[in-house]
Amino acid sequence: MSNPASTLGIVEVLRRGMEGPAVETLQDQLIDLGYMTLAQKNTRPGRFGPLTEGAVKTFQSDNLVEDNGTVDVATNALLQQLKNGVQLDSQGGVVLPMQKRLVKTGDLKPEELTAESAVFGAVTEEALRDFQADHNIEATGALTAETYRALYKVGLAESTSAPGAIDVNLPEEGEGFKTF
């Protein structure tokens with residue numbers, strides 16, 4: 001039986017403390033997807049330190065896999081899927097998290113997430129085209145790095161409000177009102 005890690009191009013799990021070209025490639029992918037900046041990478045290019053680990057954990061959390069901060073088989077598979085292209089007929093991996101983000105943005109209806117979710121079908125493609133058009137991105141219907149960055153930024157921004165947060169316009173004057 002073949003080792004699943006080697007079939008994905010992983011020689012070993014990448015983790016904090018490691019150094020080398022594989023880590024630098026990872027950092028470049030994380031920059032492309034919006035999880036790191038070039039300035040962060042330049043603090044220690046090719047070294048898997050706390051900034052790289054934090055970026056990996058956020059990427060993992062955003063894509064519904066265990067956020068352990070290591071580039072294991074599951075995380076590498078997600079990165080490879082994004083590198084190879086996510087489009088019509090893609091399955092698994094980042095597809096369901098992408099669909100859930102499209103529901104958050106209103107481009108995909110919750111009832112359109114079915115038992116067949118995690119399959120990139122025509123409905124998902126159209127929802128992604130709508131999202132791209134709304135965000136001045138070329139409406140290809142494929143999940144490009146540019147679309148990924150915009151989609152995950154929007155989705156995260158919408159989910160940052162605390163549960164039970166109060167969204168009320170306060171009066172400009174009256175009882176209990178005081179200016180400082």
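Values quoted throughout were computed directly from the atomic coordinates according to the rules given, and no laboratory measurement underlies them. Not measured: the values here are computed from a predicted model. As a convention, Cβ positions derive from the backbone with ideal geometry for all residues, glycine included, and neighbour counts pool all protein chains shown.
Report, please, the projected area of segment 48-88 averaged over directions, based on the convex hull of its C-alpha atoms, in nm². Mind showing how you got there, number by number?
Details: hull surface 12.2 nm².
Taking a quarter of the hull surface, the average projection is 3.0 nm².
List the lysines whose alpha-carbon lies under 29 Å from that of LYS100, not counting same-chain residues fewer than 8 positions away?
LYS57, LYS83, LYS109, LYS153
Let me understand segment 1-146 better: what is its radius of gyration from the alpha carbons, and its Dmax, in angstrom?
Both quantities, over Cα of segment 1-146: 16.1, 47 Å.
Can you compute the label reach from GLU24? Point 7 Å from Cα along the Cβ direction, backbone N cut-off under 17 Å, restricted to segment 43-75.
Under cut-off, by backbone N: 43-49, 52.
Please compute P(r) over all alpha-carbon pairs of segment 37-121, binned at 5 Å starting from zero, and give each bin as a whole-number percent.
Spelled out per bin, shortest first, that is 3, 14, 20, 20, 18, 12, 8, 4, 1, 0.
7 Å from Cα along Cα→Cβ at both ARG16 and ALA133: what's the point-to-point distance in nm?
4.6 nm
For segment 16-83, what percent of Cα pairs sit more than 20 Å apart? Please list the in-between numbers first.
Values: 348 of 2278 pairs.
Summing the P(r) tail past 20 Å for segment 16-83 gives 15 percent.
What FRET efficiency comes out for the pair ALA122/ARG44, r = Cβ-Cβ distance, R0 = 41 Å, nearest 0.05?
Details: r = 44 Å, r/R0 = 1.08.
After rounding, the FRET efficiency stands at 0.40.
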